[in-house]
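*Asks:* Have a look at the structure that comes next, please.
The values are calculated or read from the model by the stated rules, or taken from the named source; none is laboratory data. The model shown is predicted, which means the values in this text are computed figures rather than measured ones. Because the Cβ atoms are built from the backbone with ideal geometry, glycine has one as well, and the counts that use them run over all protein chains shown. For accessibility, only protein heavy atoms count, side chains too; no ligands or nucleic acids. Shrake-Rupley method; radii C 1.70, N 1.55, O 1.52, S 1.80 Å.
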Amino acid sequence: MENTSLKTQATKEVDEIIQHGYETDSAGYITEAFEIFKSNALNYILYTLLYLVVSSLMSKNQSLQFVVSVLLVPLGFGAFIVANKILKNQTYTFKNFFDGYDRFLDIIIYYIVQLLVVLFLVIPIVAIPFAIYWLIFGISSIQNPIGSGLIFLVLFMVFVFFIAIAIGVLLIFAPNLLWFKNMRAIDALMNSAKIIKIKLPNWIGFFFMIFGINILGALALGVGLLVSMPVSMIAVYIAYERVVGTETMIED
């Protein structure tokens, strides 16, 4: 009963944010994230290196790729769990990067529900334009599109690209809502979308800033990813902290 009331309170807090609105500061989130990273660089680099190495080694077996991706999801929570402790001036150890595994089942359920939600949204978005293309130009023209068919196909791909980005951005706060507000997977996803859609263009801009940072990290012989990846993950947490906040810490 107590846990249910706490979840209800968390939902009320989100409703208040949606009602009153908020401001965003993409550059500020990234700057603050970089400061947190700098003061804890070694731990974050080791964490990111571990994540990349384990992911690379285990994904070489294609039959296990999905299983590997599932098993690594809780580890991905470590970046913002530790960032929260740092921002709140709480002590932490490297072990805290693995705290996500303490709620393994919750996180895996969230991951699967997220996949299903994304598929549910993306499939009709892709299917309808594809069906229109098929009716107008024929299925065989996809292999060698020319003229208006090529233009339609390019516009279609651009459309799907931006829709995919918009869906991903709408769900960007879901992991933090799941962890800090102890929401169920579907509630975390829905409330993230409700919050983000208020300032969707701003958050898309934030996404492209993060995307650009990681492109630069990849161009730096890939080594730069050891900086850009954790900074990006911390920046998302900082954004969540500034918009939603983690004052209400809800335990299982």
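*Asks:* How big is the gap, in Å, between the Cα center of the range 173-198 and the Cα center of the range 213-243?
*Replies:* Going from one Cα centre to the other spans 21 Å.
*Asks:* Sticking with this structure for a sec: Cut-off 10 angstrom, C-alpha nodes, Gaussian network model of the chain. Which of A218, A164, A127 fluctuates the most?
*Replies:* Evaluated over the chain, the most mobile residue of the options is A127.
*Asks:* While we're on this one: Give me the percent of accessible area attributable to carbon and sulfur for the chain, probe 1.4 angstrom. Show your work: numbers first, answer last.
*Replies:* Working: 9520 of 13670 Å².
Reported share for carbon and sulfur atoms: 70 percent.
*Asks:* Let me ask something additional. Expressed as an acute angle from 0 to 90° and rounded to the nearest 10, what is the orientation of the C-alpha long axis of helix 225-243 relative to the principal long axis of the chain?
*Replies:* 70
*Asks:* Does the range 41-112 classify as rounded, prolate or oblate by the C-alpha gyration tensor (a ≥ b ≥ c root eigenvalues; a/c under 1.5 gives rounded; else a/b over b/c gives prolate, otherwise oblate)? Intermediate results must be reported in sequence, preceding the final value.
*Replies:* Details: a/c = 3.35, a/b = 1.53, b/c = 2.18.
It is oblate, given that a/c is not under 1.5 and a/b is not larger than b/c.
*Asks:* Classify the range 149-243 from the C-alpha gyration tensor, please: rounded if a/c falls under 1.5, else prolate or oblate depending on whether a/b exceeds b/c. Spell out each step's value before the answer.
*Replies:* On the way: a/c = 2.34, a/b = 1.14, b/c = 2.05.
Oblate, since a/c reaches 1.5 and b/c is not below a/b.
*Asks:* Counting only GluC sites (Glu not before Pro) that sit in a DSSP loop (anything but H, G, I, E, B) with at most 10 other Cβ atoms within 10 Å, what is the longest stretch of the chain containing none of them? All intermediate terms of the calculation are to be shown ahead of the outcome.
*Replies:* Details: sites that count: E23, E247, E251.
Value returned for the longest uninterrupted segment is 24-246.
*Asks:* Counting each DSSP H run of 4 or more residues in the chain as -39500 (n - 2.57), what helix-only mean residue ellipticity at 222 nm follows after dividing by all residues, to the nearest 500 deg cm²/dmol? Walk me through the numbers on the way to the answer.
*Replies:* Numbers: 11 runs with 190 residues, N = 252.
Dividing the helical sum by the residues of the chain leaves -25500 deg cm²/dmol.
*Asks:* If you line up the long axis of helix 41-58 against the longest principal axis of the chain, both from Cα atoms, how many degrees apart are they, to the nearest 10?
*Replies:* That works out to roughly 50 degrees.
*Asks:* Working from Cα positions, state the angle (0 to 90°, nearest 10) between the long axis of helix 200-219 and the longest principal axis of the chain.
*Replies:* 90
*Asks:* Starting from 0.36 nm per residue, how many nanometres of slack lie between A127 and L50 once their C-alpha separation is accounted for? Don't skip to the end; give the middle numbers.
*Replies:* Values: separation 77, 0.36 × 77 = 27.72 nm, distance 3.85 nm.
Additional length available on full extension: 23.9 nm.
*Asks:* Once you mark the trypsin sites (Lys or Arg not before Pro) that are in a DSSP loop and have at most 13 other Cβ atoms within 10 Å, what is the longest gap between them in the chain?
*Replies:* On the way: sites that count: K60, K88.
Formally, the longest exposed-site-free interval is 89-252.
*Asks:* Can you tell me, using C-alpha contacts under 8 Å and at least 6 residues apart, the relative contact order of the chain as a whole percent?
*Replies:* On the way: 224 pairs, mean separation 82.5, N = 252.
Taking the mean separation of contacting Cα pairs over the length of the chain, I get 33 percent.
*Asks:* Please turn the phi angles of the range 82-93 into ³J(HN,Hα) values with the Karplus equation 6.51 cos²θ - 1.76 cosθ + 1.60 (θ = phi - 60°), one per residue in order, whole Hz, x for glycine and proline.
*Replies:* 5, 4, 4, 5, 5, 5, 8, 6, 9, 6, 8, 10
*Asks:* If each of L119 and A220 carries a label point 7 Å out from its Cα toward its Cβ, how far apart are those two points in nm?
*Replies:* Placing both labels 7 Å along Cα→Cβ, they lie 3.8 nm apart.
*Asks:* In addition: Suppose every Lys and Arg Cβ carries +1 and every Asp and Glu Cβ carries -1, with no other charges. What dipole size does the chain come out with about its Cα centre, to the nearest 20 debye?
*Replies:* On the way: 14 positive and 16 negative charges, 98 e Å.
Dipole size: approximately 460 debye.
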